[in-house]
Amino acid sequence: MQTVRKVTDDIYWLGVNDEDLQLFEEFLPIPEGVAYNSYLLVDEKTVLFDTADIRVVDEFLGKLKEALDGKTLDYLVVQHMEPDHSCCIEHILKIYPEVIVIGNEKTFLFMRQFGIQIEDKNMDEVREGDTRTFGKHTIAFAFAPMVHWPEVMVSFDVTNGVLFSADAFGSFGKIGNELFSDEVDYDKDWSEQARRYFTNIVGKYGPHVQNILAKAGTLPIKMLLPLHGLIWRENLGYLLDKYDKWSRYEPEETGVLIIYASMYGKTAEAVEAFEKKLKEKGVTNIVTYNVSTTDTSYLISETFRLSHVVIACPTYNLGIFPLMTHYLQRLKGLNLRNRTFGIIENGSWAPKAGDLIEEFLDKELKEMTVLDDRVTVISALGEINEPEIESLADSLAQSLKS
């Protein structure tokens with residue numbers, strides 16, 4: 001088989017890359033593309049785990065036919081009803097009219113809501129902890145509600161320790177010649193994609209992720225098969241540790257994220273002076289982004305990664321610069337907490353951004369610390385700001401140490 005790839009002796013990857021989609025869920029840029037993963041278990045019975053997006057239906061169905069190699073499809077396990085994984089269900093039902101669809105109560109509710117026509121004879125409703133045996137392989141089903149939809153469940157192959165993990169443990173990025181995480185430099189080439197995927201899509205549901213991690217901790221898992229991204233068969237602890245930190249809103253690293261807006265370059269000059277002062281004080285783990293030229297999804301990912309954030313923002317119509325407001329609202333929507341913030345504000349006649357940002361952090365977010373020291377620039381950086389920059393840099397450096 002050239003397009004279908006073996007995962008184990010009995011499991012095949014039927015994934016399809018989408019390199020043309022510009023925005024995942026219509027708002028997250030994916031310049032590296034995305035893979036829609038689907039898997040086929042070939043035992044005494046054949047079992048398909050999820051389908052794919054309608055954008056790739058022809059290629060997906062071709063791969064399924066190739067993997068079946070003349071056999072019929074006996075079962076379809078639907079772990080997640082989001083359309084990028086369920087849009088081909090009706091095609092499967094037409095091509096294989098005797099197929100039995102395995103799902104839970106909410107799975108079939110969502111099918112009806114999406115207008116998918118399925119007869120009772122084709123439905124097998126499972127509950128938490130139920131098992132099904134397809135020959136030598138026994139699959140146990142565990143529910144994972146709100147990771148990241150309410151109907152989500154995962155499927156554990158008791159026979160070989162494979163966890164079909166739905167959207168958990170996934171990542172943006174297309175799959176090339178390498179199918180497994182141990183075949184690439186994951187930390188260098190994939191970790192940012194995985195973090196941005198988790199934090200922007202699943203990040204709001206940290207406690208629910210903790211629940212599925214607790215369930216996973218009771219299982220002898222040897223391999224993770226997600227619906228997006230690479231397959232994990234080695235060093236699972238690396239990814240599980242990141243998921244644990246992300247879902248508890250703990251930073252991965254001690255470091256400083258500087259996010260700034262600068263309409264005419266004056267706030268940017270203050271940021272440059274502040275960053276220089278931080279480095280003089282021995283702070284080296286610093287990354288700086290312009291909110292006007294960086295998509296918010298990357299800023300969210302970096303905010304999950306790092307422990308400290310400095311927001312540098314001009315006052316705009318007596319308020320916060322609009323794109324900075326969007327970033328702050330995204331933090332609120334994702335329930336991020338446990339970070340330390342510093343503020344640099346700018347305004348020519350009525351600087352208000354600093355007070356409004358601090359008020360938002362205090363009242364709208366949880367468990368955030370705002371440093372008392374602040375830099376207030378009036379139009380442009382001047383000598384009067386040097387003590388403020390010194391104080392904020394001192395305060396931030398001390399906070400990093402503690």
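Computed from the coordinates by the stated procedures, all read-outs in this text should not be read as laboratory data. Remember, predicted model here, so these are calculated numbers, not experimental data. So basically every Cβ, Gly included, is an ideal-geometry build from the backbone, and we count neighbours across all protein chains shown.
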Please give the contour-minus-distance gain from Asp130 to Leu109: 0.36 nm per residue of separation, less the Cα-Cα distance, rounded to one decimal in nm.
5.7 nm
Which of Thr159, Thr51, Thr369 comes first, and how do the rest follow, when ranked by fewest Cβ neighbours within 10 Å?
Thr369, Thr159, Thr51
Please rank Met223, Met146, fewest neighbouring Cβ atoms within 10 Å first, as an exposure proxy.
Met146, Met223
At the level of C-alpha centres, the distance separating the range 298-331 and the range 1-54, in angstrom, is 35 Å
Neighbourhood charge, 12 Å Cβ-Cβ cut-off, centred on Leu163 and excluding it, Lys, Arg +1 and Asp, Glu -1
+2
May I ask for the equivalent-ellipsoid semi-axes of the range 272-325, computed as the square root of five times each C-alpha gyration tensor eigenvalue and listed largest first in whole Å?
22, 16, 9
Using only the alpha-carbon atoms, how far is helix 386-401 inclined from the longest principal axis of the chain? Give it as 0 to 90 degrees, nearest 10.
40 degrees
Least to most buried among Glu19, Glu345, Glu383, by other C-beta atoms within 10 Å and fewest first, runs Glu383, Glu19, Glu345
Just to confirm my numbers, what's the Cα centroid distance between the range 104-153 and the range 336-356 in Å?
47 Å
Does the range 329-402 come out rounded, prolate or oblate by the C-alpha gyration tensor, with a ≥ b ≥ c the root eigenvalues, rounded set by a/c under 1.5 and, if not, prolate when a/b is larger than b/c and oblate if not?
oblate
Using Cα-Cα distances under 8 Å and only pairs 6 or more residues apart, what relative contact order does the chain have, in percent?
11 percent
Radius of gyration and maximum dimension Dmax of the range 276-402, Cα, Å
14.0, 39
If you fit an axis through the alpha-carbon atoms of helix 206-216 and take the longest principal axis of the Cα set of the chain, what angle between them do you get, 0 to 90°, nearest 10?
40 degrees
Rounded to two decimals, the Rg over Rh value of the range 1-109 from Cα coordinates and the Kirkwood Rh reads 0.97
Which of rounded, prolate, oblate describes the range 145-275, given a ≥ b ≥ c as roots of the alpha-carbon gyration tensor eigenvalues and a/c under 1.5 marking rounded, otherwise prolate only if a/b is larger than b/c?
prolate
Measuring from the longest principal axis of the C-alpha atoms of the chain, the long axis of helix 322-333 (C-alpha) lies at a number of degrees, nearest 10, equal to 50 degrees
Starting from a Cα-only point model with no solvent, please compute log10 I(q)/I(0) by Debye for the chain at q = 0.08, 0.09, 0.11 1/Å.
-0.50, -0.60, -0.81
